[in-house]
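*Asks:* Attaching a single structure in structure tokens format; questions to follow.
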Amino acid sequence: MVDNPTPRQLVVVGGGMVARRLVDALRARDTAGQWAVTLLCEEPRAPYDRVALTSYFTGRDPEDLALGGQELWDDPLVTLRRGVAATAVDRRSKTVATSDGRVLPYDSLVLATGSYAAVPPVPGKDLRGAFVYRTIDDVADLRTYVEQLRTELGRPLRGAVVGGGLLGLEAAGALTALDVSTTVVEFAPRLMPLQVDDGGGEALRRLIEALGVSVRTGTATSKVTGRLGRVAGMEFADGDRLEADVVVFAVGVRPRDELAREAGLEVGERGGVVVDESCATSDPSVWAVGEVACIGGRCLGLVAPGYTMAEVVVDRLLGGGGTFPGADLSTKLKLLGVDVASFGDAFASEPGSLEVVISDPVAGVYKKLVVSDDARTLRGGILVGDASAYAALRPMVGRELGGDPAAHLLPEGAAAAPAGDLPEDATVCSCNNVTAGAIRCSVTDGGCTDIAGVKACTRAGTSCGSCLPLVKRLVTTELEKSGVEVSNALCEHFDLSRAQLFDVVRVQGLTTFSEIIDRHGRGRGCDICKPVIGSILASLGTGHILEGERASLQDTNDHVMANLQKDGSYSVVPRIPGGEVTPEGLISIGEVAKDFGLYTKITGGQRIDLFGARIEQLPRIWRRLVDAGFESGHAYGKSLRTVKSCVGSTWCRYGVQDSVGLAIALELRYRGLRSPHKIKLGVSGCARECAEARGKDVGVIATDHGWNVYVGGNGGFTPRHAQLLAEDLDTETLVRTIDRFLMYYVRTADRLQRTAAWVEDHEGGLDAIRAVVLEDSLGIGADLDDAMAGHVDGYEDEWAAALDDPETLRRFGSFVNAPDQPDDTLVYVSERGQPRPATDSERTGGAVLIAGTTLEVRR
Amino acid sequence: MTIETTAPADLGVTWHEVCSLKSLSRERGAAALVEGTQVALFRTFDDHVHAVQQLDPFSGANVMSRGIVGTRGSVPTVASPMYKQVFDLRTGACLDPVGKEPRSLTTYPVHVVDGVVSVGLPGGQGAR
């Protein structure tokens, strides 16, 4: 970046997604530092992903909605003012007055104030319990209100959503996620009147009603009734009534154009700051972008055209001549788990259009393509119930489809064909306006070799993610075309991927490394493939991991069934299922630690780690632990680690299910299961989620009706919250669901791929995995069940078994010719009453040293 | 009976009997204490025995014998159990420093006579 001593001042009013995009794009393109930008953000937080607002209800934190890297705010040319609104614009002096009493001069001003949620002028709209649905705070208030009221009333709540459009169905989804039985009230004769036609609306209604949400269309709300200042119900124009404890208004949004009005800028008939195709307002140094901009006579409520406007303004600020090309109003959403997509000329408004419709009320699917009168060119379409064809079809709008249009509506990716030969200028990612050409180019010229690289380079698929399957196909096609072999090879010894190797070993019944590498590889293996095969053989239950040749396959920690520490000593973790331990158990562990001089620390998985054990001490330590009733905790393995639990309904005032009981049952069921990476589970006894289950590979959260199960969470380098897999399962179904999920993961994931990445990479993502696990879409359910049953039946404690085998124990000798002689280079100092490895300077500087941890620690 | 010498010249080393070949598992190392020096012994799949320093030069811990034995092309290798640097068992050369400055391992000559493994340490006149 070139330092510019006197950058011009850009003030952006508004802190939404479009504002963020504008600042992002400016900082990416303004390499000379021509502009310094100040972002006035009325909400107390940085711009966040409003499109994903509803996911906040399924337990996400506000932080999860953060957009992109937070390092943007550290840029010296970017000033983010949170919780500060613009109160007035003086165009003559070119200044903005702010709510904290400052006056900011600008060279250019961008209005990105967005919209506010409209509330119809019905009586009772201001009662407590009436909400709108627009910001994180709206959503948080709604959640708090519902949870408090439910506790207060001690019964399930009823809710109503006024408005059956996109936002209304989002809100209904949110209420449903909060266990509120919900009615959607829509004035138009069908749901989502702006996006789908009557047929689509009807299909949508059936699907949504099947989920337990009631729908009233063609209904005008005349009044919200109250009791004690609180919402109690609704009255309709036809005289009907509805009882409701909470009402959400989602009847649409209105542009927040008041600043512009007061500043004397031209506004549209129905609101919105009028801009030309360069997004300039009637004042050439003031721009408007996003929902507040009235462009071509209307305001656009979707994020994609807003992003385009942001790019146009940035281009203009830097002296370019970019213009707004017109909006693509295509939408694909998953509302209440129902796919809805609408793209192009969905209502066949162009003369001479033909409509090809497939409607299957039994399968709950409605699909329509709008094509030109010769049935060749795609003009638009509506997909309800199954929108899998959307990613492939939307870029084809305005182009020749090829073949019978109806063929593109057949289920199971029959429309997948066009991906490979998509035209260069076809938009693949409409959120970030990335064309097929740009994606191909990132591979051919940009040197990207995988999806992650392409995402980072082009931003394709980084917003809503719906185009990712298409991006993946494009990347793979391009890599193959350019002669790059898309290699799944594990290492130089095997051309197969882990999943392929797993299948081969399983189907051919191979049980030794030598057999496997003779038949499917070359050489004698390495530190990559040997642990993989060791893990596969262990997953398939071929016997103890340290028996015979298998001992030579085990990675560092499995090698001696303990965790190697920096000085070459080990730590030991006995299993404490569910974190429940008796006083006697605690005393036994304490005595072992004391007798062997071990450093003790409580782990994040609700158990106790004992550090500083020398290799030759491990069998003696474990003899003591096994005799005290403990077993291996597999802290050393790529395998089930722990099932963390909160105390649950047995003690807790709020618990609704016995989380400890379930956690123990699950931990005992899956203990010892070897997997591509470590697996952690959590069980919470109520929605307060004290077990942090959503940070686990499998998280179970109790509901009034059973258990919700979430998958794909983890902490670590890239923290992820687990996503909802299934709701309100009984315990038996829950266990079968987890059985299948885990076993499917064990069989098909890559080496060292945790469940989050596996779910993301899986063809079709979480939906496809849900279909496999819950609906047995691959017909392997019984096989997975059998495999897990085999694991449960075949489990033995690895440490108890090792202690019974003299040949295995022999390998724990410190030296082959002096098996009990300690490594005399292990030295420790005392810190807070416990040993820790001495540092280099302590070793040479003569600090107090303890040779080996078994000597008494000086306190 | 296996007879093997990994060092061509025995001059200048003193040989020390360490253990039986049988006590070494194939493709799994073992530490040995030879006159106070920690040595890592490896018996490869084809029954060659190699000896290198037990000290991992990257971590400073005596752990090399606990690494995974394998091959790179035709080269017998061991990977450090600590940070996974890969070494040539025959020469001690570092084949993959995992982003660090390469450091090699000291190697020691090995004899296997009548099923007994001996390691040569520097010094002396080749007496056994």
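The values are calculated or read from the model by the stated rules, or taken from the named source; none is laboratory data. Just so it is clear, the structure is predicted and the values come from calculations on it, not from any experiment. Counting neighbours? That spans all protein chains shown, and the Cβs are built from the backbone with ideal geometry, glycine included.
*Asks:* Here is a check on your reading of the model: is residue A:558 more than 17 Å from residue A:497 (Cβ to Cβ), acidic (Asp, Glu) and within 11 Å of chain B (Cβ to nearest Cβ)?
*Replies:* Here the answer is yes, as residue A:558 does meet what is asked.
*Asks:* Might you let me know whether the range A:646-665 holds any residue that is within 27 Å of residue A:499 (Cα to Cα) and either modelled with pLDDT of 95 or more or in a loop (DSSP other than H, G, I, E, B) (or both)?
*Replies:* No, the range A:646-665 contains no residue that is within 27 Å of residue A:499 (Cα to Cα) and either modelled with pLDDT of 95 or more or in a loop (DSSP other than H, G, I, E, B) (or both).
*Asks:* Just to be sure, is residue A:524 within 12 Å of chain B (Cβ to nearest Cβ), modelled with pLDDT of 90 or more and either over 18 Å from residue A:747 (Cα atoms) or buried (at least 18 other Cβ atoms within 10 Å of the Cβ) (or both)?
*Replies:* Yes: the conditions hold for residue A:524.
*Asks:* Could we say that residue A:251 is in a loop (DSSP other than H, G, I, E, B), modelled with pLDDT under 90 and in contact with a helix residue (DSSP H, G or I) (Cβ under 7 Å, 6 or more places away or on another chain) here?
*Replies:* No.
*Asks:* Scan the range A:259-271 and give yes if some residue there is modelled with pLDDT of 90 or more, aliphatic (A, V, I, L, M) and either assigned to a helix (DSSP H, G or I) or in the same structural domain as residue A:188 (by TED's automatic domain parsing) (or both), otherwise no.
*Replies:* Yes, the range A:259-271 contains a residue that is modelled with pLDDT of 90 or more, aliphatic (A, V, I, L, M) and either assigned to a helix (DSSP H, G or I) or in the same structural domain as residue A:188 (by TED's automatic domain parsing) (or both).
*Asks:* Under 6 Å between Cβ atoms, which residue pairs at least 6 apart in sequence (or on different chains) link something in the range A:810-829 that is farther than 16 Å from residue B:56 by Cα with a partner that is surrounded by fewer than 17 Cβ atoms within 10 Å (Cβ to Cβ) and among the hydrophobic types (A, V, I, L, M, F, W, C)?
*Replies:* A:827/A:849; A:827/A:851; A:829/A:847; A:829/A:848
*Asks:* Further question on the same structure: Can you tell me which residue in the range A:332-348 is farthest from the chain's Cα centre (by Cα), limited to those that are under 20 Å from residue A:308 (Cβ atoms) and surrounded by fewer than 23 Cβ atoms within 10 Å (Cβ to Cβ)?
*Replies:* A:345
*Asks:* I need the full set of residues from the range B:35-50 which are facing another protein chain (nearest Cβ under 8 Å) and under 13 Å from the mean Cα position of the chain (by Cα), in order please.
*Replies:* B:38, B:41, B:44
*Asks:* Which residues, counting only those in the range A:527-548, are among the hydrophobic types (A, V, I, L, M, F, W, C) and either within 11 Å of chain B (Cβ to nearest Cβ) or in contact with a Pro (Cβ under 7 Å, 6 or more places away or on another chain) (or both)?
*Replies:* Of everything in the range A:527-548, those that are among the hydrophobic types (A, V, I, L, M, F, W, C) and either within 11 Å of chain B (Cβ to nearest Cβ) or in contact with a Pro (Cβ under 7 Å, 6 or more places away or on another chain) (or both) turn out to be A:528, A:529, A:546.
*Asks:* Suppose we keep only residues that are aliphatic (A, V, I, L, M) and more than 21 Å from residue B:122 (Cα to Cα) within the range B:12-29. Which one would you say is farthest from the other protein chains (Cβ to nearest Cβ)?
*Replies:* B:21
*Asks:* Out of curiosity, is residue A:551 touching a helix residue (DSSP H, G or I) at 6+ places or on another chain (Cβ under 9 Å), among the small types (Gly, Ala, Ser), under 17 Å from residue A:634 (Cα atoms) and away from every other protein chain (no Cβ under 11 Å)?
*Replies:* So residue A:551 does not fit the description; no.
*Asks:* Any idea which of A:590, A:585, A:578 is more than 14 Å from chain B (Cβ to nearest Cβ), part of a helix (DSSP H, G or I) and within 32 Å of the chain's Cα centre (by Cα)?
*Replies:* On inspection, the qualifying residue turns out to be A:578.
*Asks:* Could you say whether any residue in the range A:477-490 is within 14 Å of another protein chain (Cβ to nearest Cβ), surrounded by 15 or more Cβ atoms within 10 Å (Cβ to Cβ) and at pLDDT 90 or above?
*Replies:* No: zero hits.
*Asks:* Residues in the range A:512-539 that are under 13 Å from residue B:70 (Cα atoms), assigned to a helix (DSSP H, G or I) and basic (Lys, Arg): how many?
*Replies:* Residues that pass the stated criteria total 1.
*Asks:* Residue check, residue A:238 against (1) surrounded by fewer than 16 Cβ atoms within 10 Å (Cβ to Cβ); (2) assigned to a strand (DSSP E or B); (3) not aliphatic (A, V, I, L, M), all met but one. Which one?
*Replies:* (2)
*Asks:* Within the range A:705-727, can one find any residue that is small (Gly, Ala, Ser), more than 12 Å from the chain's Cα centre (by Cα), buried (at least 21 other Cβ atoms within 10 Å of the Cβ) and assigned to a loop (DSSP other than H, G, I, E, B)?
*Replies:* No, because not a single residue in the range A:705-727 is small (Gly, Ala, Ser), more than 12 Å from the chain's Cα centre (by Cα), buried (at least 21 other Cβ atoms within 10 Å of the Cβ) and assigned to a loop (DSSP other than H, G, I, E, B).
*Asks:* Follow-up. Find the residue count for the range A:236-253, including only residues that are of a type in the set (A, V, I, L, M, F, W, C), in contact (Cβ under 8 Å) with a residue 24 or more places away in the chain and under 14 Å from residue A:187 (Cβ atoms).
*Replies:* The total comes to 4.
To keep it simple, each residue is scored yes or no on (1) small (Gly, Ala, Ser); (2) modelled with pLDDT of 95 or more.
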position	(1), (2)
A:799	no, yes
A:807	no, no
A:811	no, no
A:826	no, no
A:830	yes, no
A:833	yes, no
A:847	yes, no
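*Asks:* Among A:322, A:233, A:229, which is free of Cβ contacts under 8 Å to residues at least 40 places away in the same chain and not basic (Lys, Arg)?
*Replies:* That would be A:233, the only listed residue that is free of Cβ contacts under 8 Å to residues at least 40 places away in the same chain and not basic (Lys, Arg).
*Asks:* Please specify each residue of the range A:144-155 satisfying the condition of being touching a residue at least 60 places away in the same chain (Cβ under 8 Å) and surrounded by fewer than 17 Cβ atoms within 10 Å (Cβ to Cβ).
*Replies:* Matches in the range A:144-155: A:147, A:153.
*Asks:* Quick one: residue B:38 ticks every box in (1) surrounded by fewer than 17 Cβ atoms within 10 Å (Cβ to Cβ); (2) without any contact (Cβ under 8 Å) to a residue 40 or more places away in the chain bar one, so which box is it?
*Replies:* For residue B:38, the failing item is (1).
*Asks:* Testing residue A:525 on (1) on the phi > 0 side of the Ramachandran plot; (2) out of contact with any strand residue (DSSP E or B) (no Cβ under 6 Å at 6 or more places or on another chain), one condition comes back false. Which one is that?
*Replies:* For residue A:525, the exception is condition (2).
*Asks:* Could you please let me know if residue A:565 is under 24 Å from residue A:801 (Cβ atoms), in contact (Cβ under 8 Å) with a residue 12 or more places away in the chain and out of contact with any Asp or Glu (no Cβ under 6 Å at 6 or more places or on another chain)?
*Replies:* So residue A:565 fails the test.
For every residue, the table says whether it meets (1) crowded, with 22+ Cβ neighbours inside 10 Å; (2) out of contact with any strand residue (DSSP E or B) (no Cβ under 6 Å at 6 or more places or on another chain); (3) under 30 Å from residue A:432 (Cα atoms).
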residue	(1), (2), (3)
A:204	yes, no, yes
A:221	yes, no, no
A:247	yes, no, no
A:310	yes, yes, yes
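*Asks:* Across the range A:822-831, which residue is farthest from residue A:846 (Cα to Cα) among those that are at the interface with another protein chain (Cβ under 10 Å from one of its Cβ atoms) and surrounded by 14 or more Cβ atoms within 10 Å (Cβ to Cβ)?
*Replies:* So the residue we want is A:823.
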